[in-house]
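The values are calculated or read from the model by the stated rules, or taken from the named source; none is laboratory data. Since the model is a prediction, treat every value here as computed from it, not as a measurement. Cβ: placed from backbone, ideal geometry, glycine included. Neighbour counts: every protein chain shown. The area values use the complete protein model at the heavy-atom level, side chains included, leaving out ligands, DNA and RNA. Shrake-Rupley method; radii C 1.70, N 1.55, O 1.52, S 1.80 Å.
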Amino acid sequence: MHRLNRHRVVIRTLGVAAAVALTATATACGPQKSESKGPAPSAPSSPVASPSAPDNKPGDASPSGSPSASASAAPSASASPASQVKYLMAEGTEDDQVRELQARLKQLGLFGATPTGFYGSKTIAAVKSFQGKHQLTVSGSVDDATWKKVQSVSKKPTSEEMSPTTNQVDAPDPRCMTGRVMCISKESRTLAWMIDGKVVSTMDVRFGSENTPTREGEFQVGWKSKDWVSTIYHTPMPYSMFFSEGQAVHYSSDFAARGYAGASHGCVNVRDKAKLSALYDQVKVGDKVVVYW
């Protein structure tokens, strides 16, 4: 009898694992793998998703499970004052206040990128520089004192300063400096088409949501399709260039209409159709793709 119960538990466990695996496959941005390597591939086994989810950053998910004893315990009397500082903005924060912070720091010559509203490594470095110049605690995070000082020495940013028409290209990853590369920065939200270390063209991009993130790393263009249509959502994905299983660089009418209010299911969306059309004609199967922070 006990042996029979153990068998039932094993069967139920395997069933749950299979269901989870199927769900993970269904949320991919596109076909998992295609045997076709040419411009006119056969229909891949898993479909391509269109943008719809909120624009979140990978790695910001809330931890699962119950908190540990150390996390739930009250701070000890010996805790340092610095550990009790309340920050208005810190690494991982994403909102309009961060965008304003970045625009103000840009006025002061401390932030060289385009304001994105995401508090990443460049914002941390700019805040540390500002804090050092103004005799504030150098933490890289923004507390009330830092924010008030930033506001006092800068002016309220204009809408153009807050949301420029085009994003400023990030410094290329070292892997982008040789060969033919689509060099894609998640922090600056840009794609730079580079040949032997020189930038040929650039364009704005957006990525997957927290639940369906765009993978980072070095890849190759596996195949292309000028008129691909999502087989899940039945939405057009013009100028698709697939580089990581089902993830692709492609034009998104949703991105063109809504900007960063949306996200993909893992693909790299481009909103400038004319620029992407020209890039599509230049990129060859086998060219390198680098996605990095």
request  = Pairs only if they're at least six apart or on different chains, beta carbon under 6 angstrom, first in region 219-246 and hydrophobic (A, V, I, L, M, F, W, C), second open to solvent by 80 Å² or more (accessible area, probe 1.4 Å); list them, first residue then second.
outcome  = Trp223/Lys37; Val229/Pro236
query = How about region 90-113: which of its residues are in contact with a strand residue (DSSP E or B) (Cβ under 8 Å, 6 or more places away or on another chain) and either in a helix (DSSP H, G or I) or crowded, with 21+ Cβ neighbours inside 10 Å (or both)?
reply = Gln97, Val98, Leu101
key: Output for region 253-293, where each listed residue is open to solvent by 50 Å² or more (accessible area, probe 1.4 Å) and among the polar types (S, T, N, Q)   = Ser253, Gln282
inquiry  = Would you confirm whether or not region 134-143 contains a residue that is in a strand (DSSP E or B), touching a helix residue (DSSP H, G or I) at 6+ places or on another chain (Cβ under 9 Å) and surrounded by 18 or more Cβ atoms within 10 Å (Cβ to Cβ)?
reply    = yes
task = Would you check if Thr165 is open to solvent by 70 Å² or more (accessible area, probe 1.4 Å) and at pLDDT 95 or above?
result = no
ask   = Under the condition of being in a loop (DSSP other than H, G, I, E, B) and within 22 Å of Lys275 (Cα to Cα), which residue from region 211-252 is most open to solvent (accessible area, probe 1.4 Å)?
value = Thr235
ask   = Considering Tyr292, Tyr280, Tyr251, which residue is farther than 19 Å from Val181 by Cβ and at pLDDT 95 or above?
value = Tyr251
